[in-house]
Amino acid sequence: MLRAIRTAATGMSAQQAGVDNIANNLANANTVGYKQSKIVFHDLLYQTIQAGSEGEAQGVQPATMQMGHGATAIATVRNFTQGSLIETGNALDVAINGDGFLQVRRPDGTVAYTRDGTLTRNAEGMLVTQSGLPLEPDIAIPENTVEIHISQDGLVSVRLQNEPDMVEVGQLELARFVNPAGLNPIGGNLYEQTQASGEPTIGTPGQDGLGTLMQGYLEAANVDVVQEMVNLITAQRTYELNSKMVTTGEEMLQIANNMKR
Amino acid sequence: MLLRLRNSVDAMTRMMRQQERIANNLANANTVGYKQDRTFTEILNEEINVEGAPQSIKRMEQWADLSAGDLEQTGNPLDVAIEGEGFFVLTDETTGTPRYTRAGRFVLDAEGTLRDAQGHLVEGEAGPIQLPTADGGPVVIDRDGTVRVDGKEVGRLRIVTFDNPAALRRLDGAAFDAGGMEPVDVEHPNLHQGYLEQSNVDPLRALTEMIEQHRLFESQQRSLRTDDELLGRVTRELGRF
C-alpha cells in the first residue's frame with residue numbers, strides 16, 4: 001500500500017516539474033528569440049511480484065504481475081520552430097527567418113549561440129548583443145556612420161557622413177546544428193553547444209539550409225500561450241488526481257489499521 | 001472459519017495491488033507513449049470445502065491496454081507518432097536487447113545518430129539511422145517511415161508488431177520487452193512526423209477504479225471484523241463448558 005502512495009507522489013512531483021516548465025514558458029512569452037521548452041515524462045522501473053497466495057495453496061501457478069513505480073520528468077526538449085517576426089524599424093534589429101543562430105563571444109572566449117538579434121553598437125564601435133557580448137566574427141561600425149544596411153545574406157554596409165556611397169564593413173554569419181533541440185540554454189537568450197547538439201556548421205545566411213536575415217525585425221517567442229494554458233490545466237488536474245490517490249492510499253492504510261480493535 | 005479470514009486477507013491484498021497499479025496509471029497520465037495497465041481477476045475454481053466455507057482459486061491477470069492514445073501536434077521534426085498498430089524498435093547498447101515503444105520522441109547524438117531521450121539507438125530497416133552532420137537541410141519523415149534529409153533518403157524507421165502483443169513485458173520509459181517473441185515487420189506503417197502519441201490513461205476510469213477499490217477494501221475489512229467477532233464469541237461461549 002505504501003507503494004501506491006509513493007507512486008502517486010512521483011506522479012505529483014513529475015507534474016510539479018511540468019508546471020515549473022510551463023511557468024518558465026509563460027514568463028518568457030514576450031522574450032525575443034525565446035524557444036518554448038517541453039517536458040519529457042517517463043515511467044519508472046517495473047517490479048515483478050506475485051499476484052496472490054490462493055493459487056499457490058492449491059498448487060496452481062500464480063500469475064506474476066509487474067508493478068510500476070510511477071513517473072518522473074527526465075528531460076526538457078526545446079521546440080525550435082520559427083517565432084513570428086515583428087517589425088521594429090530599428091536598423092540594428094535583426095531577425096533570422098529560418099534555421100540558424102547568431103554567434104556571440106563570451107568573456108571566456110567560447111562561442112554561444114542566440115536567436116535574439118537585438119544588436120547594438122558598443123563604445124568601441126563593435127556590434128554587440130544587449131548584454132554586451134560581441135558578435136563572432138567581429139563587425140566594427142565606424143564612428144561617423146549615418147546609415148546601416150544589413151542584407152538578407154548578412155552583408156553589413158554603412159554610409160558615412162558626407163559620403164554618397166555605402167561601404168561594406170563586415171559579413172554576418174550564422175551557425176546551424178544537426179540537432180538544435182540538444183543545445184543547452186544558459187540564460188540571457190543564449191545557448192551553448194553540447195554532445196547532443198553536435199558541432200555547428202557555419203555559413204552565409206540564405207545558403208546551405210540557413211535562414212535569411214531580416215533587418216528591422218525581431219523574432220517573437222514561439223510560446224503558444226493558449227497551448228501552454230491547456231498544458232497547465234492538464235498538469236494541474238493530473239497533480240490533483242495523484243493527490244487523490246495519496247489520500248485514498250492513506251485511508252486504506254487506516255482501514256487496515258482498524259482491522260484490529 | 002480461519003479460511004474465511006484468509007480469503008478476506010487475500011482479497012484485501014489483491015485490492016492493495018490493484019490500487020498500486022491504478023497509482024502507476026495515474027502517475028503516467030501525461031507520459032508520452034504510456035499504455036495503461038489493466039488487470040482482471042480470473043476465478044479458476046470455486047468450491048465449498050469440508051468446513052462448508054466457500055473457497056475460490058483466483059488469479060490476477062495483467063495486460064497492457066495497447067489502444068491508441070491521442071496524437072498531439074508538437075511541431076518538432078524528430079517527434080513521430082504511429083497511427084494504427086506497430087512499435088518503434090530501440091536497442092539498448094549495454095545489453096544489446098531490443099526494446100519496443102510507441103513513444104516516438106527522438107533526439108540526435110553528436111554524431112547525428114537517431115536515439116531516444118534515454119540514449120537508446122533507434123533502429124532503421126538497415127541498422128541505426130545516421131543523419132548527415134554537415135550541410136543538412138530539414139529532416140522529413142514520410143508516412144511510411146522513410147527519413148530524408150534535404151530530399152536524400154538516409155534510412156527507414158523499422159516498425160514492427162507481434163502476433164501476441166499481450167505477452168509483452170513492461171520496461172521503464174514506456175517501452176516493452178518481447179521476451180523470446182519474434183517481431184513481425186509492419187508492411188505499410190502510417191507515421192506522423194511532428195506528432196506524439198499521448199498516454200492512453202483514461203483519468204475518469206482510473207478515478208472510478210480507485211474509488212471502487214477503496215470502498216471494496218473497506219467492506220472487506222468490515223466482513224473480516226465480523227468474522228473475527230464471531231470467532232471471538234464462539235471461543236468465549238465454547239470456553240464456558
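Could you pull out every residue, at least 5 positions away or on a different chain, whose amide H is within less than 5 Å of the one on B:Val201? Hs are placed 1.01 Å off N in the peptide plane, and Pro or chain starts have none.
It is B:Gln36, by chain and number.
Taking chain B as a Gaussian network, where each spring joins two C-alpha atoms under 10 Å apart, which residue of B:Asp227, B:Asp109, B:Asp79 fluctuates the most?
In this elastic network of chain B, the residue with the biggest mean-square fluctuation among B:Asp227, B:Asp109, B:Asp79 is B:Asp227.
So what's the gap between the Cα centers of region A:88-119 and region B:106-133, to the nearest angstrom?
29 Å
Kirkwood Rh over alpha-carbon pairs of the protein assembly as shown, then Stokes-Einstein at 4 °C and 1.567 mPa s: what D in µm² s⁻¹, rounded to an integer?
Translational D for this selection: 49 µm²/s.
Dipole size in debye (nearest 20) for region A:169-257 around its Cα centre, Lys and Arg Cβ +1, Asp and Glu Cβ -1?
Dipole about the Cα centre, nearest 20: 80 debye.
Shielding of A:94-106 by partners, i.e. mean partner chain Cβ atoms within 10 Å per residue?
That works out to 0 on average.
For region B:118-210, what is the relative contact order in percent, using Cα pairs closer than 8 Å and at least 6 residues apart in sequence?
RCO, region B:118-210: 24 percent.
In the protein assembly as shown, if the dipole is taken from +1 on Lys/Arg beta carbons and -1 on Asp/Glu beta carbons about the Cα centre, which of B:Leu216, A:Gly98, A:Asn144 is farthest to the positive end?
B:Leu216
Mind ordering A:28-34, B:185-191 by average Cβ neighbours within 10 Å, highest first?
Result, highest mean first: A:28-34, B:185-191.
Would you work out if region A:121-171 is rounded, prolate or oblate? Take a ≥ b ≥ c from the square roots of the eigenvalues of the alpha-carbon gyration tensor; rounded if a/c is under 1.5, else prolate when a/b is larger than b/c, oblate otherwise.
Judged from the Cα gyration tensor, region A:121-171 comes out oblate (a/c at least 1.5, b/c at or above a/b).
Rounded if a/c is under 1.5, else prolate if a/b is larger than b/c, else oblate: which is chain A, with a ≥ b ≥ c the root eigenvalues of its Cα gyration tensor?
Prolate shape, in that a/c is at least 1.5 and a/b is the bigger ratio.
In debye, nearest 20: dipole of the protein assembly as shown around its Cα centre with unit charges on the Cβ of K, R (+) and D, E (-)?
I would put it at about 2540 debye.
B:Arg6: accessible area at probe 1.4 Å, nearest 10 Å²?
Its accessible surface works out to 110 Å², give or take rounding.
Rg to Rh for region B:110-241: what is it, with Cα atoms only and Rh by Kirkwood?
Reported Rg/Rh, Kirkwood definition of Rh: 1.36.
Mean separation of Cα pairs under 8 Å and 6+ residues apart, divided by the residue count of chain A: what relative contact order is that in percent?
26 percent
Roughly how large, in nm² to one decimal, is the mean projection of the convex hull of the alpha-carbon atoms in region A:169-237?
7.3 nm²
Using a 10 Å cut-off on Cβ to Cβ distances, tally the other chain neighbours for every residue of B:9-17 and report the average as a whole number.
That works out to 5 on average.
Positive end of the charge dipole of chain A (Lys, Arg +1 and Asp, Glu -1 on Cβ, about the Cα centre): tell me which of A:Leu160, A:Val77, A:Gln171 has its Cα farthest that way.
The residue sitting most towards the positive pole is A:Val77.
When the solvent-accessible surface of protein heavy atoms is calculated with a 1.4 angstrom probe, in what order do A:Ser243, A:Ser84 fall, highest first?
Heavy-atom accessible area, descending, gives A:Ser84, A:Ser243.
Using the Cα centre as the reference, give the magnitude of the dipole from point charges on the C-beta atoms of region B:57-152 (Lys, Arg: +1; Asp, Glu: -1; all else neutral), rounded to the nearest 20 debye.
It comes to approximately 260 debye.
Per DSSP H run of n ≥ 4, the term is -39500 (n - 2.57); total these for chain A, divide by its residue number, and report the mean residue ellipticity at 222 nm rounded to 500 deg cm²/dmol.
Dividing the helical sum by the residues of chain A leaves -8500 deg cm²/dmol.
For chain B, what does -39500 (n - 2.57) per DSSP helix run (n ≥ 4), summed and divided by total residues, give at 222 nm, in deg cm²/dmol to the nearest 500?
Rounded to the nearest 500, the figure is -9500 deg cm²/dmol.
Take every Cα pair under 8 Å in region B:1-100 that's 6+ residues apart, average their separations, divide by the length, and report that relative contact order as a whole percent.
20 percent
If one takes the accessible area of chain A alone plus chain B alone and subtracts that of the pair, with a 1.4 Å probe, what total in Å², rounded to the nearest 100, results?
5700 Å²
The values are calculated or read from the model by the stated rules, or taken from the named source; none is laboratory data. This one's a predicted model, so the numbers in the text were calculated from it and none came from an experiment. Cβ sites come from the backbone with ideal geometry, for glycine too, and all protein chains shown count toward neighbours. Surface accessibility is based on the protein's heavy atoms, side chains included, excluding ligands, DNA and RNA. Shrake-Rupley method; radii C 1.70, N 1.55, O 1.52, S 1.80 Å.
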